[in-house]
Amino acid sequence: MTNISAHENANTQANERTLVAGFLDKLTPGGSSGKGGASEARQVATTPLNVLYGTVTGTAELIAQDVGRAGRDQGMDAKVIDLSLVEMDAFANMKCVLFVCATYGEGEMPDNALLFWEALTAPDAPRLEGLQYSVLGLGDQAYEHFCNAGKILDRRLEELGAKRILPRVDCDIDYEENAEAWMAEALPLSQSIIASLNTTGDASAAATSEAEPAAPKKAWGRKNPYPATVLENRKLSGEGSTKDMRHMVVDLGDSGITYEAGDSVGVMPVNNSALIEQLLARLGADAGMAVPDHDKPLGELLRTHFEILTPPRSLIQEIEKRAGHSELSAIAANGDKEALEAFLWNRDTLDMLNLNPGLQVDPLEFVSWLKPLQHRSYSIASSPILQPTAVDLTVAALRWTSEGRAYGGVASTYLADDCPLDVKIPLFLAPNRSFRIPEDNTAPVIMVGPGTGVAPFRAFLQEREALGAPGRNWLFFGDRNRAMDFAYEDDFNAMSTSGLLTRLDLAFSRDRDEKIYVQNRMHENGRELFAWLEEGGYFYICGDATRMAHDVDAALHEIIAREGDMSEDKAFGYVSRLKSEKRYLRDVY
Ligand code: NAP
């Protein structure tokens, strides 16, 4: 059984893989604003606008890039900087900063912001009276510690004396509107702050050359995905498997999309037609019904515009008020989050309506409770060196039944069932600059990717082979049963034979009574794993965020403490150093 509310959504609060292409377009003046376009912007000794980002999967970085681009279009010297590169001394001299900060896991800072955060919260952190700032937080309201990283950052800056130019804005997974509103206010405010600093003379201002030309606008994004043709959709899972894993090849055609190993694609899914029919019947509505403020009829909106599987908060609240369902009302009255989660387990929007079979709901009211359909990210499983104009994807179709009803993950079953050869899938590139093979081709690489987590590592291995990288490669892979669930077995066996894979350690969890997971294999090989790290190794995790990534992280700490003869604190410090050196990278969902 799978928790409806948890499946397929990016399971970290840093659900920030949504590409932001184009969503700043409205904010970018057409070149005739008072301050002129980028081409007019010649800046001499001006105070820069620093746009700093903390990112997990790349979206905060993309938003920051868009902010930077719009800032430059408005004549500012906007610098977009990864928080892992920001030294406290340099930060203490900044005058105007816009932060875009995602939240990881249970309210934690993204990996790339950890050292900055450590320095900012240290007892000797500098006073920041000279700083003016605003924070855009990214998160997922389904999580208790929604946007926590942005919140604590905002609070700490205030404690240190920095002046907030605009209240923090916290964005849920459908962040565009809030982010747009924040930027629409934050940029002009920054501009006037910078103008007044330039007039009064800002010691931090460095002479700069001409503003960088605005980067070309990204053509394909969430709002205008590219219709990519399916070239292959075949089962990876063998006969008798309890899973339905797919290998898909999707043509990028004339899109002009170029990608790197480690990137993902965002797929705009189409909702399940049986569920749409059932909802229309339950609401007593016709698919052709017009919906105010939308240019498509109800049936089409349910197909491509709204999330109709996971019940959103507003729908739960409205149904609770009207359904007269004693259990749900008791939970709501107690405010018991765990009980609510258990209640919602395996219930979709149709189940919520059916809590009271006699309940009449106006179809237009029903859609007003729904959230926009989100894209789902899939890590690319191929290297662009081998396959520049198409991407491989590894998809696990999520299916379950409950009380006699069949359910399916929104995007995974759409891809598995509705996207055979030649069908067009709406997608866009979601670059993940934080998840790359080492620049140093001789560096050892350790990759931990059970289940669909193996996808980017297939791309990494292809890439390293194509580059002729002499560095050693170690893959930890696992899934349910070896006979049926060893995805890409032939590929990995061939890579082992050729010597590309120095080590391949496998953990099949359901071949025996006792569960064996990738972290058990890590422990068994702890001494060697630690030796690889000591020799400059890079450590990567991809896959499930809720349990696997957490447990693998714990195993890594234990191994370092044991093999390095370190205290828990020292092992923690060792891992922090790996993170700051960008040698511990995660792509988890
Ligand atoms: P999975 O089927 O959930 O698990 C893969 C292997 O990891 C199984 O052997 C599993 O064992 C094991 N495992 C379970 N708990 C673990 C833990 N705490 N530590 C280490 N290993 C553990 O993985 P998946 O195929 O990657 O699917 C994960 C979820 O991600 C699915 O819900 C999928 O829909 C979603 N998702 C998939 C994609 C994609 O298809 N590319 C993208 C985004 C999200 P047991 O099950 O035997 O315990």
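None of the figures in this text is laboratory data; all of them are computed from the coordinates on show. These numbers come from a predicted model, not from an experiment. Cβ placement follows ideal geometry from the backbone for every residue including glycine, while neighbour counts extend to all protein chains displayed.
Table for the structure above
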{"item": "For segment 377-506, the fraction of alpha-carbon pairs in successive 10 Å shells from zero, as %", "result": "11, 38, 33, 15, 3, 0"}
{"item": "Nearby aspartates and glutamates by direct alpha-carbon distance to residue 515 (threshold 13 angstrom, same-chain neighbours under 8 apart not counted)", "result": "479"}
{"item": "Sorted by Cβ neighbour density within 10 Å, fewest at the top, the residues 349, 497", "result": "497, 349"}
{"item": "Quotient of C-alpha Rg and 2.2 N^0.38 Å, computed over the chain", "result": "1.00"}
{"item": "Residue-averaged 222 nm ellipticity for the chain, from DSSP H runs of 4+ at -39500 (n - 2.57), nearest 500", "result": "-10000 deg cm²/dmol"}
{"item": "DSSP-assigned coil residues among chymotrypsin sites (Phe, Trp or Tyr not before Pro) in segment 288-374, each with at most 16 further Cβ atoms within 10 Å", "result": "345"}
{"item": "Relative contact order %, the chain, counting alpha carbon pairs below 8 Å whose residues are six or more apart", "result": "16"}
{"item": "Euclidean distance of C-alpha centroids, segment 469-506 and segment 402-419, integer Å", "result": "29"}
{"item": "Flagged links, alpha-carbon separation over 18 Å, of 243/424; 151/371; 223/424; 79/223", "result": "243/424; 151/371; 79/223"}
{"item": "Difference of contour (0.36 nm per residue) and Cα-Cα distance, residue 327 to residue 569", "result": "82.6 nm"}
{"item": "Highest average packing first - 129-139, 62-72, 411-421, 475-485, Cβ atoms within 10 Å", "result": "62-72, 129-139, 475-485, 411-421"}
{"item": "Whole-angstrom gap from segment 337-355 to segment 121-171, using each part's C-alpha centre", "result": "34"}
{"item": "Under-5 Å amide H pairs with residue 584, H placed in peptide plane, nonlocal only", "result": "539, 579"}
{"item": "GluC sites (Glu not before Pro) within segment 401-501, DSSP loop, no more than 10 other Cβ atoms inside 10 Å", "result": "403, 439"}
{"item": "Exposure proxy order (Cβ contacts within 10 Å, fewest to most) of 200, 242", "result": "200, 242"}
{"item": "Dipole of the chain [Lys/Arg +1, Asp/Glu -1 at C-beta], most positive-end residue of 166, 407, 142", "result": "166"}
{"item": "Packing-based ranking, highest mean first, of 289-295, 559-565 given that Cβ atoms within 10 Å are counted", "result": "559-565, 289-295"}
{"item": "Fewest-first sequence of 273, 498 by Cβ atoms within 10 Å of each Cβ", "result": "498, 273"}
{"item": "Sequence-distant residues sharing a close amide H with residue 480 (under 5 Å, placed H)", "result": "509"}
{"item": "Built amide H within the under 5 Å cut-off of residue 229, gap 5+", "result": "251, 425"}
{"item": "Segment 447-589, relative contact order [Cα under 8 Å, separation at least 6], %", "result": "24"}
{"item": "Cβ charges +1 (Lys, Arg) and -1 (Asp, Glu), total dipole of the chain, debye", "result": "500"}
{"item": "Size of electric dipole in segment 65-176: Cβ of Lys, Arg +1 and of Asp, Glu -1, about Cα centre, debye, nearest 20", "result": "560"}
